[in-house]
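Working notes for the structure below.
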Amino acid sequence: MTASTTRLAINGVAGRMGRAVRAVAVEREDVTVVLGITPTREDNGRQATDAAGSETMAVVSPSNRRDALQRHEIDVVVDFSAPDGVAGLAADCAVEDVALISGTTGLDGETKAALREASETVPVIHATNFSRGIYALVDALEAALGTLPGYDIEVLETHHRGKQDAPSGTAKTILETIGEHRDFETVHGREGIQPRTEDEVGMLVRRAGGVRGEHEVLLAGNDEVLMLTHRAEDRGVFASGAVDAAVWLAGRDADWYTLDSAFQSGLRVDGKTDGQRET
Ligand code: NAD
């Protein structure tokens, strides 16, 4: 552990993403995972040995979270959990002066408001996708929307069979981006006689196997088709983006930060300084 190590807690540590964040963090010297939070009964209260074997991580349930954040001097909580616990987590972070990175999707308006409220006291980032490729896709989409007005647009997303919410948070972000450029109605799948109207965007969802996450935006018109596709090949891409963001967020003033602004501000890549972005 170095003096500049960022002390992390992982909320949802026993889940698919929680485990991926831990696996990424263990390989880095600029972060240490000192606390895991999970409602899974068998994990509560015991000490778990890091994959590296050299450090331990305390594990607590959500009801013991607030005390633990203080006791373990957590700098940033990285959250990949379930929507119903996120508002409480945000409130605890605000009380204990701990920065919050949340990647949990499917949040309702009340929970989003709770995150915003916490950002008045501590720095907060909520992002539906922590991969750099998706931000490049959204940038490319914005350029395409300007150049191809009136082209038909369809969005397709595919995720593993265990994903709870649909469409994915990333697909919703893509729809919001389209909404900044034109008015449309989202049509979720089609069945029977349902001809396409000019002002609709088709939103198609697939759930199968272990697919990490695929998003495709198709723009068609004028005898041509443009397809923007992103495929996450491993959960590590989201995990390392979230850990990068946590390192970037630690010690900042209370505010609502976007991942986009973090990427543009010299956010580190896999623990290495991205010199070009820092100039
Ligand atoms: P998962 O079901 O494998 O894991 C979720 C974990 O959260 C479980 O272990 C569960 O016990 C735990 N949990 C539930 N309620 C909790 C609470 N109140 N406090 C603490 N832990 C709690 O799901 P996953 O695949 O790891 O995904 C988790 C979330 O992250 C989902 O919302 C998913 O859509 C989202 N996600 C976001 C990104 C991104 O880049 N933003 C990427 C992948 C997944």
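The values are calculated or read from the model by the stated rules, or taken from the named source; none is laboratory data. Since the model is a prediction, treat every value here as computed from it, not as a measurement. As a convention, Cβ positions derive from the backbone with ideal geometry for all residues, glycine included, and neighbour counts pool all protein chains shown. The area values use the complete protein model at the heavy-atom level, side chains included, leaving out ligands, DNA and RNA. Shrake-Rupley method; radii C 1.70, N 1.55, O 1.52, S 1.80 Å.
Of note:
- Whenever a residue of region 77-93 is open to solvent by 10 Å² or more (accessible area, probe 1.4 Å), its partners that are among the hydrophobic types (A, V, I, L, M, F, W, C) and near the ligand (Cβ under 8 Å from one of its atoms), lying with C-beta atoms within less than 6 angstrom and at least six residues away or across chains, give the pairs Phe80/Met17.
- Counting only strands (runs of 3 or more DSSP E) that fall entirely inside region 137-237 and contain at least 3 residues that are surrounded by 15 or more Cβ atoms within 10 Å (Cβ to Cβ) and within 16 Å of the ligand (Cβ to nearest atom), the qualifying elements are 152-159.
- In region 108-133, the residue that is surrounded by the fewest Cβ atoms within 10 Å (Cβ to Cβ) out of those that are of a type outside the set (Val, Ile, Thr) and within 12 Å of the chain's Cα centre (by Cα) is Arg132.
- Test: residue in region 250-261 that is surrounded by 21 or more Cβ atoms within 10 Å (Cβ to Cβ) and either touching a Cys at 6+ places or on another chain (Cβ under 9 Å) or part of a helix (DSSP H, G or I) (or both): yes
- Considering region 87-104, and only residues there that are part of a helix (DSSP H, G or I) and closer than 14 Å to Ile10 by Cβ, the residue that is farthest from the ligand (Cβ to nearest atom) turns out to be Cys93.
- So Asp139, is it under 24 Å from the mean Cα position of the chain (by Cα) and closer than 17 Å to Asp260 by Cα: yes
- Filtered residues of region 1-40 (kept if within 17 Å of Gly236 (Cα to Cα), among the polar types (S, T, N, Q) and either more than 8 Å from the ligand (Cβ to nearest atom) or not assigned by TED's automatic domain parsing to the domain that holds Val78 (or both)): Thr32
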